[in-house]
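So the structure is just underneath, and the comments pick up after that.
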Amino acid sequence: MKNIDAYTHTRGESIYLDDIPEIAGTLYAACFDSPLAHGNIKYLDTSAAASSEGVVRVLTFRDIPGINQIGGIIADEELLAAHQVHFCGMPVALVIATTVQQARAALKKIRLEVDPLPVITDPRVAAGKGELIVPPRSFSMGDCSAAWRDCDFIYEGQANSNGQEHLYIETQGAYAIPGENGVIKIYSSTQSPTAVQRAISKVTGLPMHMLEVEVTRLGGGFGGKEDQANTWAALCALATNILKRPVKYALSRMEDMRMTGKRHPYSSDFKIGLSKALKIIAYDVTFYQNAGAAADLSPAIMERTLFHCTNTYFVPNARATVYSCRTNLPPNTAFRGFGGPQGMFVMECAIATAAEHLGITAAAIQHANLLQTGDELLYGQKVLSEASACWEKAVTHYQLDQINKEVSAFNNQHRLQKKGVALMPICFGISFTNTTMNQARALVHIYTDGSVLVNTGAIEMGQGVNTRIVQVAAQTLGILPGRIKINSTNTSRIANTSPSAASATADLNGHATRIACNTLLNRLKTVAAAALNVEVEVITIREERVYVGDSMSLLDWTQLVLATYNQRVSLSEHAHYATPGLHFNKALEKGHPFAYHVFGTAITTVTVDCLRGTYEVDAVRLVHDAGNSMNPLIDLGQVEGGLVQGIGWMTMEEVVYDAEGKLRSNALSTYKVPDIYSVPKIIEVKFLETAQDNPGILRSKAVGEPPLMYGIGTYFAIRNALRHFKPGTRPAFDAPMTPEKLLINLYPEEAAALDIRQQEIPGLQMLPAT
Ligand code: MOS
């Protein structure tokens, strides 16, 4: 089935926040944010801005009637800075004016004086000063200290991965509208309507039932709107609560890039030990997560780093520790993979280190250690593994031997162009690691004309969840998809929603929809059985017809719906789903946190121009475990999109903050994401066809986050090409591998002579601040 939004998307008719028709009298907000990364506020004067043309009001923390706090996991994040600023871009004041232009113009008249305090941007420096968001956390299994004795080879190293700007096409924003008796309706571009509702409740002091959060769809989220949509919604609702007027704020691209957090950069130390047979015997890893100035979702993200730190390998003796480090950057946040990719990257660096020292391919080590069914992961869950199935299918289907031969032949014939190959197997756990969040509800109405309206807590953000829910309802009820409409997501219809995140949205909300539809189906069947004078067990509904056994009855769907209504039987159902079997003991750091795991293997081939340091991704050919895919077209879109986003993170997207904590890559002129010219020339995706059952919706597997991690393969393919040009070189693991970094690694002696050090590569630190 095609994505149900395809028609309006391609015609430009889909409604996003900024397309909502505005009510007469709507005011516009703009945020004054801190120009300094750390300091005590000495003086704030908003009077000139307040008397600026068109300005209705300027709000500061003093205007907050509730509490000045939007921290979700930890209450450590003020909505508007009171006495200190903690990062460049921290909201300090909100101007509300008659037009957007007037609001923005007035920002320039606000005067803020800050007594600067020392700025920390490096997570290791923060850890050294004890600046931690939460105490460090460790997972372990086996006996890592003792196991080194049993290793034939031991290698150590360091790996860094940088942040990543979400760059959702639709920027953050909100629109708050007052109702009677103080209620507020808020349109928000959020992955988590309930988090928005909760944050506004705290800030305004209004109970949650007076706040209605409504979302039709997002123009992308990627995790950036899981927690960080709260700020703008809370600011608009605060203004509406005070002024009793509709207030809207849709951020400009540069405001969004400057004020919101990104994927967490990590700096990590690893130690890996192997046997002569290339079995990984022991692995010890320490992660320094750059959390930014407040907790946001960092404690949950550091946890997922631990869950995924051994990627798709069985490691009998493993120890992993993560420090969530407080720095003076915007609070870093969820981003597709949620800390998992950062953990998996370090494991692949460890394997590459061992392979390079041993003079073998990384693939030999990867293959020797793939998870097998029954293997235990370091958090105690035994895995139902498709790791080998994906690997073998990729190797045979895409003829890896042939690929390797062609690459060798090319490399023998070319001096200044080298190709590299890398395999990237993945394993990703599906469920929120916070067990509580694995619940969802659906409210399904059948109207008397036979049409069906489905409400869930799922947010459509381009990933196609609404299409999947249509499929679930249609298949369960035995009717055509065209009869089903998915309603906007609204906290008054579906309460206490979990964010649309963790790849789990279609599973959770799909199962709730399935349960509601099944209950309705049983009511309809009971009415049909009575009308047809047969037992209910023999009734089925297929293609909108009622069947008795194999024979079609005279009753069709609309007649049955009307008959059910006439019998005064309810045609509405509200159902609840909680993923079964999940548990996790945080004292022991053991349990069964995931409903299941997703597997896959990607084979990446790149060509490096060894004169210029540029590269092209020739092909990514992969086998992906989508379970029994319920929608191969949507799954394909998610795999391709995730892969390209992962390649961007690993190769070209470079978030640059200077030593003062100011974002230098603050526009699309300085922050490069993959475009049509930089995506792989060939992407081939083959789904693993498997008979294995799994608890995903309609036996499909979640697909949102896992494919991003195939992009890690591109980093190592480039590294391998570099090593064909310069045998024996082992440059530092420092993602992304931008063309500039690659050029320095191709000619380190020449770069040294020019005194270009890798750390200074962005080179922007030398430019004056703007
Ligand atoms: Mo997603 S990174 O779990 O919003």
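The values are calculated or read from the model by the stated rules, or taken from the named source; none is laboratory data. Remember, predicted model here, so these are calculated numbers, not experimental data. A quick note on method: Cβ atoms are made from the backbone with ideal geometry, for glycine too, and the neighbour counts reach across all protein chains shown.
Listed values, structure above:
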| quantity | calculated |
| --- | --- |
| Criterion: surrounded by 24 or more Cβ atoms within 10 Å (Cβ to Cβ) and touching a strand residue (DSSP E or B) at 6+ places or on another chain (Cβ under 7 Å) - qualifying residue of ASN311, ASN230, ASN317 | ASN311 |
| Conditions (1) small (Gly, Ala, Ser); (2) closer than 21 Å to GLU653 by Cβ; (3) within 16 Å of the ligand (Cβ to nearest atom); number of the one not met by ALA721 | (3) |
| Verdict on ALA363 being under 30 Å from GLY71 (Cα atoms) and away from the ligand (no atom under 16 Å from the Cβ) | no |
| Test set (1) closer than 23 Å to ALA97 by Cβ; (2) more than 15 Å from the ligand (Cβ to nearest atom) - TYR155 fails condition number | (1) |
| Selection status of VAL679, touching a helix residue (DSSP H, G or I) at 6+ places or on another chain (Cβ under 8 Å), under 21 Å from ILE426 (Cβ atoms) and at pLDDT 95 or above | yes |
| When residues of the stretch 336-359 are limited to those that are among the charged types (D, E, K, R) and more than 16 Å from the ligand (Cβ to nearest atom), the one surrounded by the most Cβ atoms within 10 Å (Cβ to Cβ) | GLU348 |
| Selection within the stretch 1-17 - within 30 Å of THR98 (Cβ to Cβ) and surrounded by 15 or more Cβ atoms within 10 Å (Cβ to Cβ) | SER14, TYR16, LEU17 |
| Any pair with Cβ under 8 angstrom, 6 or more apart, that starts in the stretch 513-536 at a residue that is part of a helix (DSSP H, G or I) and ends at one that is modelled with pLDDT of 95 or more and of a type in the set (Lys, Arg) | VAL536/LYS525 |
| Within the stretch 608-620, considering residues that are of a type outside the set (Asp, Glu) and surrounded by fewer than 22 Cβ atoms within 10 Å (Cβ to Cβ), the one farthest from GLU640 (Cα to Cα) | LEU611 |
| Pairs, first on the phi > 0 side of the Ramachandran plot in the stretch 187-207, second more than 14 Å from the ligand (Cβ to nearest atom) and in a helix (DSSP H, G or I), C-beta under 9 Å, six or more apart | GLY205/ASN241 |
| Close pairs from the stretch 357-369: first over 21 Å from ASN317 (Cα atoms), partner modelled with pLDDT of 95 or more and part of a helix (DSSP H, G or I), Cβ under 7 Å, at least 6 apart | THR361/ALA355 |
| Qualifying residue in the stretch 543-565 (condition: of a type outside the set (Gly, Ala, Ser) and either within 30 Å of GLY340 (Cβ to Cβ) or within 16 Å of the ligand (Cβ to nearest atom) (or both)) | no |
| When residues of the stretch 654-702 are limited to those that are within 30 Å of PRO35 (Cβ to Cβ) and acidic (Asp, Glu), the one surrounded by the most Cβ atoms within 10 Å (Cβ to Cβ) | GLU654 |
| Positions within the stretch 115-133 being among the basic types (Lys, Arg) and out of contact with any Ser or Thr (no Cβ under 9 Å at 6 or more places or on another chain), in sequence order | LYS129 |
| Helices (runs of 4 or more DSSP H) completely within the stretch 690-770 that count 1 or more residues being modelled with pLDDT of 95 or more | 712-725, 739-746 |
| Only listed residue being in contact (Cβ under 8 Å) with a residue 24 or more places away in the chain and under 22 Å from the mean Cα position of the chain (by Cα), chosen from GLY173, GLY182, GLY157 | GLY173 |
| 3 or more residues of a type in the set (Val, Ile, Thr), more than 16 Å from the ligand (Cβ to nearest atom) and in contact with a strand residue (DSSP E or B) (Cβ under 8 Å, 6 or more places away or on another chain): qualifying strands (runs of 3 or more DSSP E) within the stretch 430-511 | 452-456 |
| From TYR565, TYR596, residue being hydroxyl-bearing (Ser, Thr, Tyr), in contact (Cβ under 8 Å) with a residue 12 or more places away in the chain and closer than 30 Å to LEU688 by Cα | TYR596 |
| Filter result for GLY374 (within 16 Å of the ligand (Cβ to nearest atom), part of a loop (DSSP other than H, G, I, E, B) and either of a type outside the set (Phe, Trp, Tyr) or in contact with a strand residue (DSSP E or B) (Cβ under 7 Å, 6 or more places away or on another chain) (or both)) | no |
| Pair list, Cβ < 8 Å and 6+ apart or interchain, from the stretch 682-709 residues that are under 22 Å from VAL470 (Cα atoms) to residues that are more than 16 Å from the ligand (Cβ to nearest atom) and of a type in the set (Phe, Trp, Tyr) | ASN694/TYR596; PRO695/TYR596; GLY696/TYR596; LYS701/TYR596 |
| Every residue from the stretch 200-226 that is within 27 Å of ILE242 (Cβ to Cβ) and within 16 Å of the ligand (Cβ to nearest atom) | VAL215, LYS225 |
| Helices (runs of 4 or more DSSP H) completely within the stretch 62-178 that count 2 or more residues being within 30 Å of THR738 (Cα to Cα) | 123-128 |
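One line per residue, one yes/no per condition, for (1) within 16 Å of the ligand (Cβ to nearest atom); (2) in a loop (DSSP other than H, G, I, E, B); (3) modelled with pLDDT under 95:
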{"position": "ALA277", "(1), (2), (3)": "no, yes, no"}
{"position": "TYR283", "(1), (2), (3)": "no, no, no"}
{"position": "THR286", "(1), (2), (3)": "no, no, no"}
{"position": "GLN289", "(1), (2), (3)": "yes, no, no"}
{"position": "THR310", "(1), (2), (3)": "no, yes, no"}
{"position": "VAL322", "(1), (2), (3)": "no, no, no"}
{"position": "CYS325", "(1), (2), (3)": "no, no, no"}
{"position": "PRO331", "(1), (2), (3)": "yes, yes, no"}
{"position": "ALA334", "(1), (2), (3)": "yes, yes, no"}
